[in-house]
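One structure is given here, and the rest of the page talks about it.
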Amino acid sequence: MSGLLTFPLALLVVLVLCIAGYLLGRRRAVGRVKGDTRALHSRPVHHGWHVVMATLIPSFAVLVLWAFLQGLVSSVYLGTTVADDLPELALPESQREGLEDEEIAVREGARRELFLGNVRVLNEAIYGAISSDVISLPEIEAWDAAETDVGGELRSAGQIAPIGVTPAMQEAALKLYGFERTLSAIGPLLVMLLAAIGFIWALSRIDGDFRARNVVERWVMGLLIFASTVAILTTLAILAAVTFPSITFFREYGLFDFLFGLTWAPAGDTVGVPEGPGGEYESLLGFLPLIWGTLYISLVALLVATPLGLLAAIYLSEFADRRVRAWVKPALEVLAGVPTIVYGLFALVTIGPFLQAVVGTTIMPNTVSVMTAGVVMGMMLVPFVSSLSDDVINAVPQAMRDGSLGLGATPSETITKVILPAALPGIVGAVVLAASRAIGETMIVVLAAGALSNVQGLEPNPFGAVVTVTTRIVAVLTGEASGFDSIDVLAVFALAFTLFFITLALNLLAQRIVRRYREQYE
Amino acid sequence: MKDQRLTDREVDMQDIKISAHGVQVFYGDTHAIKDVDVEIADKTVTAFIGPSGCGKSTFLRCLNRMNDTIDAARVEGDIRIDGEDIYDARVDPVQLRAKVGMVFQKPNPFPKSIYDNVAYGPRIHGLAKTKGDLDNIVEQALRRAALWNEAKDRLDKPGTGLSGGQQQRLCIARAIATEPEVLLMDEPCSALDPIATGQVEELIDELRSNYSVVIVTHSMQQAARVSQKTAFFHLGNLVEYDETGKIFTNPQDPRTESYISGRIG
Ligand SMILES: Nc1ncnc2c1ncn2[C@@H]1O[C@H](COP(=O)(O)OP(=O)(O)OP(=O)(O)O)[C@@H](O)[C@H]1O
Ligand SMILES: [Mg+2]
């Protein structure tokens, strides 16, 4: 029975009701006024959509809520089913000796958490085993954890199950399993019920005077508002997600030490890190060497991208005839679409060795360096800069060119004295946007900037390897050692936080500049 | 055409500055100027009149090769200034335009200061040796364009911040600061009040002593006031070209007469 009442089925029912509701709603609306649609306040389609909305919105809202709350509800349920005075939760007598009451409470709390975690995993395993038809529920219920190795049985059924399952665990897991089954049977039922109620209610309201259009349009407007805010909300969510761990980090490590520390050496990468007083490795998480690497590479990238991009834009917008333009502009835009990992590979296998061959191994010991990454990143940014600059140069009215040429200026005087100054704010905006991309760029620097796990000080040599903010985020998060609450990982959130703010500030700056430039011609 | 003897004699006394023969202009497939012949005298004000869209601006732009900047435009025929074919391959449009200045139909000040707008031409062509010279040129140009009183306290403010009529005068100042031999003015007074119009008309009259001026206007009174010769365009044709007085008192072509009396256009 419970197998039938699933969410997919409920969704199907809702869908069918929606289609039927649309068609019936339209028909009924026309019928109510005996075919004279001008007597309707709203058009037949509005009545159709009104039924669809009444069917869909409440049921869908419940569906979404259900999906979110199910986990929460079942964990509350689990918390209440497991008795506090369960014998196996108590700290064994042997471990209680010499401990304060407070400490005992903490340790017992931890034991309880561990127990609940095991129950959850066991519940998942039971669910997995049953739904893949390996073992049936009665069989599992028949097991006695005191004799049977429940975890072992489930593992041999292909599930992930805890070791040392106790009878209390088995009992709790089975209760939880039963509860979740009921819960997930009620959910779809509720959804279908709500859909049916909405369906009938909306159909019954249809009448010549019923203002279906107003209702439908209000909801459509709601949808439009939702669509426009969802991106903003996402940004806020991202901000919240990085802010709180960052604050924790700043509190634990110290904002000053982070911002002005000259050494980056997370304990997760232990090679060559000084030992702390307690014999363990201590993380040194200074921001300066990382932002130095980031800014150094970005600077090189901009020094490459700005002149090339600008000159390309000038050529395209002022000199290229239509055929060349039709060919070069799409080609540049294709270049902008090349995945950055490909640029990274190009840097690693082509540009790096080439630069090394040119400047020699004394200056450039590795093929990875500021120049390798910077030059390639610059090439990546050329289409970006040229495309944006081309737009702003084209936005300078033809009348400006005519005015200058009409006074006997040469085309190059016209460009340097009238067009570029007029387009300058827009071009600066383009460069600032490019800078913000360069700072956030990851793949190229991961491959071509250097992969030192720890650095001290600032590398002045443009042909030396550096680390950047983004590469360190990648390294720490993909590294083996660290758990999610280690100071290294918290530091990564602080890095992401800082990066977010730098690029945000740059984007805001660029927007302001571009806006000011637009106003000039309005 | 026997009545033209009197006119002929007057024109003969002056040199021909611009002579155009069999000029055709096409914008893609649109035939905008159809076989126009015209001779423009030196030290004269010539007015182009005609209904909107008849090709006045187009013809004017032929005279300093501004149509070169429009991809779709194609100019045929023979246009000579001081006897030199301006569409000859050896002629550099840049030099030509320094000699044949233009005030455009829509005011187009550069997004620079008022001073820099006016100084633009003199700087490019090296007309001023010193800063003082340049200041002088700018002041004179603004005075002649009747803008000095309004602009003298805000020379370093952007030219785009002026009113439409002030911008129009700024563009006139910019054009005369370059000291062209021929000045083409496309509706230079369209946004001006009667007082500024009067001042610009005075300027035009004054320019006549040194230059040849061609002015496009929709105002019959203005054409009558400032010009010595008037050309009437209609649908891309030059219908009638004669002494201004004759065009307005005794037009030969019925179309000219209807236009002047307000029946077409
Ligand atoms: N850039 C262009 N591209 C295509 N056609 C054009 C272009 N400029 C003008 N034309 C066409 O050429 C014809 C003459 O235009 P022109 O601007 O010379 O008229 P005009 O006499 O100056 O009119 P107005 O008094 O309104 O300024 C019109 O039919 C116009 O549509
Ligand atoms: Mg015109």
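The values are calculated or read from the model by the stated rules, or taken from the named source; none is laboratory data. Everything numeric here is computed off the predicted structure, so don't read it as measured data. Every residue, glycine as well, gets a Cβ built from its backbone with ideal geometry; the counts of neighbours run over all protein chains shown. Just the protein is used for accessible areas: all its heavy atoms, side chains included, with ligands, DNA and RNA removed. Shrake-Rupley method; radii C 1.70, N 1.55, O 1.52, S 1.80 Å.
Numbers below:
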item	result
Peptide B:105-112, shielding by other chains (average Cβ, 10 Å cutoff)	6
Kirkwood hydrodynamic radius of the range A:265-519, from inverse mean 1/r over distinct Cα pairs, in Å	20.1
Inverse of mean 1/r across different Cα pairs in the range B:173-265, Kirkwood, Å	14.2
Sparse-neighbour loop sites [trypsin sites (Lys or Arg not before Pro); the range A:158-263; at most 15 other C-beta within 10 Å; DSSP]	A:Arg211
Total accessible area lost when A and B pair, probe 1.4 Å, Å² to nearest 100	1700
Once exposed loop chymotrypsin sites (Phe, Trp or Tyr not before Pro) are cut out (DSSP; at most 14 other Cβ, 10 Å), longest piece of chain A	A:1-483
Hydrodynamic radius of the range A:7-210 per Kirkwood, over alpha carbon pairs, in Å	20.9
Heavy-atom accessible area per residue - the range B:2-260, 1.4 Å, Å²	43
Helix runs (DSSP H) in chain A reaching 24 Å along axis by Cα, Kyte-Doolittle at least 1.0	A:7-32, A:44-81, A:212-253, A:288-314, A:370-395, A:420-440, A:487-519
Dipole in debye (nearest 20) - the protein assembly as shown, about Cα centre, beta carbon charges: Lys, Arg +1; Asp, Glu -1	3300
Residue-averaged beta-carbon neighbours from other chains (10 angstrom radius) around A:407-417	6
5 angstrom amide H check on B:Tyr211, placed H, neighbours 5+ away	none
Peptide-level mean, for A:311-321, of C-beta atoms on other protein chains within 10 Å	0
Pairs of alpha carbons in the range B:2-260 whose separation is greater than 27 Å (percent)	37
Gyration tensor (Cα) of chain A, equivalent ellipsoid semi-axes in angstrom	54, 45, 20
GluC sites (Glu not before Pro) restricted to DSSP loop in the range A:404-506 with at most 14 other C-beta within 10 Å	A:Glu480
Given B:Lys17/B:Lys106; B:Lys56/B:Lys152; B:Lys106/B:Lys157; A:Lys417/B:Lys34, the pairs whose alpha carbons are separated by over 29 Å	B:Lys56/B:Lys152; A:Lys417/B:Lys34
Relative contact order of the range A:2-88, defined on C-alpha pairs under 8 angstrom at six or more residues apart (%)	28
Residues whose placed amide H lies under 5 Å from that of B:Ala32, excluding near-sequence neighbours	B:Val25, B:Phe26, B:Tyr27
